[in-house]
Amino acid sequence: MVLKDIIAISGEPGLFRFIAQGKNSIIVEHLETKKRSSAFGTAKVSSLEDIAIFTDNEDMPLSKVFDLIWDKSNGGQAIDGKADGAKLKSWFEEILPEYDKDKVYTSDIKKVALWYNILHKLNLLVKEEAEEKKAEEAEKTEKTAGKEEAAPAKKKKKAATARADEK
């Protein structure tokens, strides 16, 4: 999933979108309420792009975990983040069986489920492959548009040289 510019602020409910850098703070917009506010340097701000889940092998980026949840739920909502701890752990083990049970707490699993559901509700869960395809298609469109513009210019030049030859 593409999580660029989406952040979590410690002590604040929900997720935020990074808007701009201020002098001593960053300006953020709450994803659900659309209210803008400042997060000062004393606040613990974490980009979802930089968060990873501990596994037995190597850390797995949150975007990959969201991809696994998406696949497991067939593009639907995840488990309710307010569910019982045992249910949350068993659900997360189905999603990511190799997660480190000693380092990943129930509160972490709860956040993952809550964040996923917020992003799902707002249609912000975009697969990285889909994003790459859109970029490639846009690039192809630009190239073909450039060729189409160049083609009439060549025709005009040929027509002008043909007229010059006739004289």
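Would a scan of the stretch 75-82 turn up a residue that is surrounded by 14 or more Cβ atoms within 10 Å (Cβ to Cβ), touching a residue at least 12 places away in the same chain (Cβ under 8 Å), touching a His at 6+ places or on another chain (Cβ under 8 Å) and not in a helix (DSSP H, G or I)? Yes; the residues of the stretch 75-82 include at least one that is surrounded by 14 or more Cβ atoms within 10 Å (Cβ to Cβ), touching a residue at least 12 places away in the same chain (Cβ under 8 Å), touching a His at 6+ places or on another chain (Cβ under 8 Å) and not in a helix (DSSP H, G or I).
If the condition is being of a type in the set (K, R) and under 20 Å from the mean Cα position of the chain (by Cα), then the stretch 52-95 contributes K64, K72. Take L114 and decide whether it is closer than 24 Å to R17 by Cα and part of a loop (DSSP other than H, G, I, E, B). Spelling it out, it is not the case that L114 is closer than 24 Å to R17 by Cα and part of a loop (DSSP other than H, G, I, E, B). The condition of being outside any helix (DSSP H, G or I) and modelled with pLDDT under 80 holds for only one of V104, V126, that being V126.
Looking across the stretch 2-20, the residues that are part of a loop (DSSP other than H, G, I, E, B) and aliphatic (A, V, I, L, M) come down to V2, L3, L15.
For E49, the conditions (1) within 19 Å of the chain's Cα centre (by Cα); (2) assigned to a loop (DSSP other than H, G, I, E, B) are fulfilled apart from (2).
When L88 is tested against the conditions (1) modelled with pLDDT of 90 or more; (2) out of contact with any His (no Cβ under 8 Å at 6 or more places or on another chain); (3) of a type outside the set (D, E, K, R); (4) not in a helix (DSSP H, G or I), the lone failure is (4). The single condition among (1) under 27 Å from E98 (Cα atoms); (2) within 20 Å of the chain's Cα centre (by Cα); (3) without any contact (Cβ under 8 Å) to a residue 24 or more places away in the chain that A20 does not meet is (1).
Taken over the stretch 43-102, residues that are of a type outside the set (D, E, K, R) and either touching a Leu at 6+ places or on another chain (Cβ under 9 Å) or under 23 Å from F16 (Cβ atoms) (or both) amount to 25. Scanning the stretch 52-74 for residues that are assigned to a loop (DSSP other than H, G, I, E, B) and among the basic types (K, R) yields no hits at all. For the stretch 51-64, the candidate set comprises residues that are out of contact with any strand residue (DSSP E or B) (no Cβ under 6 Å at 6 or more places or on another chain) and among the charged types (D, E, K, R); within that set, the residue that is surrounded by the most Cβ atoms within 10 Å (Cβ to Cβ) is K64.
Annotation note: of L96, L48, the sole residue that is out of contact with any strand residue (DSSP E or B) (no Cβ under 6 Å at 6 or more places or on another chain) and either among the aliphatic types (A, V, I, L, M) or crowded, with 16+ Cβ neighbours inside 10 Å (or both) is L96.
The values are calculated or read from the model by the stated rules, or taken from the named source; none is laboratory data. From a predicted model like this one, the values you see are computed outputs, not experimental measurements. All Cβ positions, even for glycine, are placed from backbone atoms using ideal geometry, and neighbour counts span all protein chains on display.
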